[in-house]
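Note sheet for the following structure.
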Amino acid sequence: MNERMRIGILTLPLHTNYGGILQAYALQTVLERMGHEVVVFDTPNKCPLPPLWKLPLSFAKRILLKSMGRIDRIFIERYNNRVYPVITKEIQPFIDGKIHRKVFTNFSKIGAREFDAIVVGSDQVWRSIYFIPMWLGQPMENAYLSFTKGWPLKRISYAASFGTDKWEYNEKQTLHSREALQMFDAVSVREENGVKLCKQYFDVDALHVLDPTMLLDANDYIELFKQKQTPKSKGNLLNYVLDETDEIESLIKKVASMKKMVPFAVNNPYEGDNTKPLNQRIKPSVETWLRGFYDADFVITDSFHACVFSIIFKKQFVVVGNKDRGMSRFESLLKLFGLEDRLVDVHCDVSILQQIDYDNVYSIYDKLKESSMIYLSGSLNS
């Protein structure tokens, strides 16, 4: 019997990203099924304004931080207190009901003996352009638990991702992150190139493991939307596209015509459009998003986690490469399962693609899932 541990998960804040929310839920669920008590670190949904006497200095500091790329909004209170609750009204019940959050504005508030272990990951938690602004300007080395120096706890990464195969840290970030990572008990990453980056820049041997969403079964996700009695999707050609272009729109229409399918989407294209009324910017629920993959006969996407859930639900799919968001994540995932031909450009001829043989894919998947679970349980119990 494993000893029950209190475990914190440090990933990117949950916000409105379906893949980010579900990978946190999956890792929490797997650790709880091992018998542990688990919380996921998150940022607050509501922000009090600084005291009046601090306002000029506070906003001057934010303007500087924004110009350095360390935060993404100057008027964070307005967004968090007025806009965010409306946009997320369908998503927040899943986060509140299914994820055991512990809210921090700064990791210095965590007590030295509060946790027996902290697991870093998954998602692009080691990508500086995401970690620093999303964690309210905290330094990059905090993603490597530098704030826990001298604490009596296990430090583990599970499927942490750099998000890209290019090195994006400056010299100081590299030095401090390397010092912190070398204190870890076990290191694993989500991409093949992450293994190389850990060795090259940190002199640390990392293991390549599955994204945590793949540690659960399709039935685990089906149960979520069945519990909520989520209605059936209004089509069978799912398009989940983060960066919409005319070319991708044309590809969707071409595939719909060729396969005689009805296209539908599970995201709101107006979420980030400040010109639209707030009630038109509400994102669909997590359960609606999941149900979309279950109902689809074919998926077109440019999202990493949409690829993952297409595989989990055994769907035929293509992913349109997105160089700005990082190609190595897709290449690494698809290579694991021999699905490299699913990474296409917008001018591809889908009709020449072979059907995915999911008997073969799942024989690989089952072995990878087993080895990933062995790593996770073994690193906690060693």
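Annotations
- Residue within the stretch 203-221 that is more than 20 Å from the chain's Cα centre (by Cα), under 22 Å from residue 117 (Cα atoms) and at pLDDT 95 or above present: yes
- Whichever residue in the stretch 78-102 is over 18 Å from the mean Cα position of the chain (by Cα) and among the hydrophobic types (A, V, I, L, M, F, W, C) and, among such residues, is farthest from residue 31 (Cα to Cα): 83
- Of all positions in the stretch 109-124, none carries a residue that is closer than 29 Å to residue 278 by Cβ, of a type in the set (S, T, N, Q), modelled with pLDDT of 95 or more and out of contact with any Ser or Thr (no Cβ under 9 Å at 6 or more places or on another chain).
- Within the option set 331, 340, being buried (at least 16 other Cβ atoms within 10 Å of the Cβ), acidic (Asp, Glu) and closer than 27 Å to residue 258 by Cβ holds for one residue only, 331.
- Some residue of the stretch 282-289 being surrounded by fewer than 14 Cβ atoms within 10 Å (Cβ to Cβ) and modelled with pLDDT of 95 or more: no
- Of the residues examined, residue 366 is one that is loosely packed, with under 14 Cβ neighbours inside 10 Å and within 23 Å of the chain's Cα centre (by Cα).
- Consider the stretch 332-349 and keep the residues that are in a helix (DSSP H, G or I) and free of Cβ contacts under 8 Å to residues at least 24 places away in the same chain. The one that is farthest from the chain's Cα centre (by Cα) is 341.
- Among the residues making up the stretch 175-195, those that are without any contact (Cβ under 8 Å) to a residue 24 or more places away in the chain and of a type outside the set (Val, Ile, Thr) are 175, 182.
- Selection status of residue 243, under 19 Å from residue 302 (Cα atoms) and surrounded by fewer than 12 Cβ atoms within 10 Å (Cβ to Cβ): yes
- Any hit, the stretch 209-221, residues being in contact with a Phe, Trp or Tyr (Cβ under 6 Å, 6 or more places away or on another chain), touching a residue at least 24 places away in the same chain (Cβ under 8 Å) and part of a strand (DSSP E or B): no
- Taken across the stretch 41-51, residues that are at pLDDT 95 or above and closer than 26 Å to residue 288 by Cα do occur, with at least one present.
- Search result, residues across the stretch 6-16 that are under 16 Å from residue 289 (Cα atoms) and buried (at least 20 other Cβ atoms within 10 Å of the Cβ): 14
The values are calculated or read from the model by the stated rules, or taken from the named source; none is laboratory data. Keep in mind that what you see is a predicted model, and the values were worked out from it rather than measured. Positions of Cβ are generated from backbone atoms using ideal geometry, with glycine treated the same way; all protein chains shown enter the neighbour counts.
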